[in-house]
1. Name the residue that is nearest to the other protein chains (Cβ to nearest Cβ), counting only residues in region B:63-73 that are farther than 18 Å from residue A:253 by Cβ and in contact with a helix residue (DSSP H, G or I) (Cβ under 7 Å, 6 or more places away or on another chain).
2. Assess whether residue A:128 counts as being more than 16 Å from residue A:160 (Cβ to Cβ) and away from chain B (no Cβ under 14 Å).
3. Going through A:108, A:125 one at a time, which residue ends up being more than 21 Å from residue A:236 (Cα to Cα), modelled with pLDDT under 95 and not β-branched (Val, Ile, Thr)?
4. Could you tell me which numbered condition residue B:133 fails, if it satisfies all but one of (1) within 13 Å of chain A (Cβ to nearest Cβ); (2) in contact with a Gly (Cβ under 7 Å, 6 or more places away or on another chain)?
5. Report, by residue number, each residue of region A:213-248 that is open to solvent by 30 Å² or more (accessible area, probe 1.4 Å), away from every other protein chain (no Cβ under 14 Å) and not in a loop (DSSP other than H, G, I, E, B).
6. Collect the residues in region B:311-346 that are open to solvent by 50 Å² or more (accessible area, probe 1.4 Å) and within 14 Å of chain A (Cβ to nearest Cβ), keeping them in residue-number order.
7. (1) crowded, with 22+ Cβ neighbours inside 10 Å; (2) under 23 Å from residue B:41 (Cα atoms): which one isn't true of residue B:64, the others all being true?
8. If you go through region A:136-146 one residue at a time, do you hit one that is part of a helix (DSSP H, G or I), open to solvent by less than 50 Å² (accessible area, probe 1.4 Å), of a type outside the set (S, T, N, Q) and within 14 Å of another protein chain (Cβ to nearest Cβ)?
Amino acid sequence: MSASATTPNELRAGALRRRWWRRHRDGFGSLAAAGPALLFLLVLYLIPMAMLLAQSFEGASLPHYQKALTDDLYLRVLFDTLLIAACVSLLCLVLAYPVAYALSILPSPWPAVGIAFILLPFWTSVLVRTYGWMVLLGRNGLINRMLSDLGVIETPLPLLNNMTGVLIGMTHVLLPYMVFPLYAVMRRMDPNLAQAARGLGASGWDVFRRIYLPLTLPGVLAGMTLVFVLSIGFFITPALLGGGKVHMMAVLIEQQVRMFLNWGFAGALSAVLLGATLLVYIVLRRLLRGNMQWS
Amino acid sequence: MLKRVLAVLCAAGAMSGLASLPAQSQASAKPSQIVVNDSGGATQQANRKTFYNAFEKQTGVKIVNTSPVDLGKLKAMVASGNIEWAVTEIAGPDAVTAERMGLLEPLDHSVIDLSKFPEHLRNRKFVFPKSVYSTVIGYRSDTFKNGGPKSWADFFDVQKFPGPRTMQNSPIEQLEFALLADGVPMDKLYPLDVDRAFKKLDTIKKHVAVWWTTGAQSAQILIDKEAVIGTAWNGRYHSLIKEGAPIQIEWNQGAIKESAFGIPKGAKDAYWGQRVLAAMADAKLQGEYASIIGYPGVNLEATQHTDPKMVPFLPTNPENLSKQFWIDLNWWADNGQQVQERWARWMLER
């Protein structure tokens, strides 16, 4: 048997290889295209994060994790952080859903105008917007002064330096992250679906509940995930609008990094926060997935 | 012919070599620019107009400014050996921490002249005492027309001086203020009785409308009437008073402390960092700096060079100085972490 001859087995293997390559060619192509971005994330994000987490382990006893997971101070702040993030996500959803819907059905050029109005504050510095809210929401702020001039209230409403102020400020900053995923999904919706449902006798509420809402759920999920994850890391807005009375994890982590140079404990707190975030994300995904199938 | 050419070449080479020797050693030591890190904002502008411009004129080296002040970044720079700063400002108790962790180069006393500084500061090894500032009581003079709070006891007395308060969101100084309000004399504060301080703080907690985090916020809160009595760094109040804001400063029992500068351990431009500090130690420049911003240096001759109109607003003005107490930064460096956690826990209680 000469070296160049091929056996049927080898032929079959070659065919299999070619078929495998054809099937996965696109995958490799997109992997190569995503290469620079992946490398960027690896070098500038994953490796530093791994290094920070590595610092949080000290031998086998894990004192940093023991403290982060048993000390009621950190557990309560973790719970508050997740709760605030959840509230902001829901507020964003309630406010963004009708806006995105309106944008998706308006005739040109109104969607573009609306998007410009959403993008303008989006491009403004968070710090500037936060100070702007301080001017509006204060005891002698524009809102309270207008309401008392109109005789609606006698004592100023407590809008600033508490949880209300933090929720308003954060919802405002994060709203675009909810509007855009919803708008993207709604614009692709086939309007005939709703018309067909109406034609078959469904009420407006039925159309919304059984057709529109399930079909826009991917946008809801994407938007809520974005807003939730971004909320968890919020720092300057709660510090300035909460009057020091609203506590979020990022502030405690920053203290450990900058004031006490206790990077091991900072790493442990970050890991706990990351773990909790992932857990919530997975549960949220499961819930919404289940919902979609049920619908 | 060839010989002559070679000779000329050699001579030229030797000459250029000789000529370039000192120039070259200077060039390798003398950078075209160095980075000085400070807290930015109004203090950076005042630094620029005085110390930085003088340094640039003296040395021909340009100063590039960065901010904010960040102890974590200093540690990261020293640990990685990639040190951007020739010299950096260091806030409050952080200076003690930085010195203890070995993050600073020793001060070169042959370059920096500390002979006109107060005696207890003349032998500083690592931390350069650049200027002093004080956390003082401020109140709205239109709310308290017949005189405002004169002490921390008054500050804590919500019957005598009703109205919302603002304090810094930090245990540092708030514990001292509470103890003073509870009757501890200024010279018996340290070591702090932490339990007693928190017990006293309990009495004022619900009257504190805002726990401020940034310097700009602290004074603005009084302008916006979110609070009518508060604490802030003296320069913050002064700049608003200068603009005509109805705010009065009470120096009594103010917390005075130094704002420090230091050279990161292993900084490649360390020598030029020493030269920047030398400019900051200069009496005339310190006087000009204080005239702009109200934060005096500690060179004892600086007052002669300070605008007389500014002197009443300086924490080091003898009349003000005698009423205040010095923060014990060592106590805070020893106990900061533990007390900070207790503070956070206390804040979470309703």
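1. Going through region B:63-73, the residues farther than 18 Å from residue A:253 by Cβ turn out to be B:63-67, B:69.
Restricting the remaining residues to those that are in contact with a helix residue (DSSP H, G or I) (Cβ under 7 Å, 6 or more places away or on another chain) gives B:63, B:65, B:67.
Numbers: B:63: 24, B:65: 19, B:67: 14 Å.
Taking the candidates together, the pick is B:67.
2. Criteria not met by residue A:128.
3. None of the other options fit; the residue is A:108.
4. Status for residue B:133: all satisfied but (1).
5. A:213, A:215, A:218, A:222, A:226, A:229, A:230
6. Hits for region B:311-346 are B:334, B:337, B:338, B:342, B:345.
7. (1)
8. Yes - at least one qualifying residue is present in region A:136-146.
The values are calculated or read from the model by the stated rules, or taken from the named source; none is laboratory data. What you are looking at is a predicted structure, and each value in this text was computed from that prediction instead of being measured. Here the Cβ is made from the backbone with ideal geometry for all residues, glycine too, and neighbour counts use every protein chain on show. Only protein heavy atoms, including side chains, enter the accessible area calculation; ligands, DNA and RNA are left aside. Shrake-Rupley method; radii C 1.70, N 1.55, O 1.52, S 1.80 Å.
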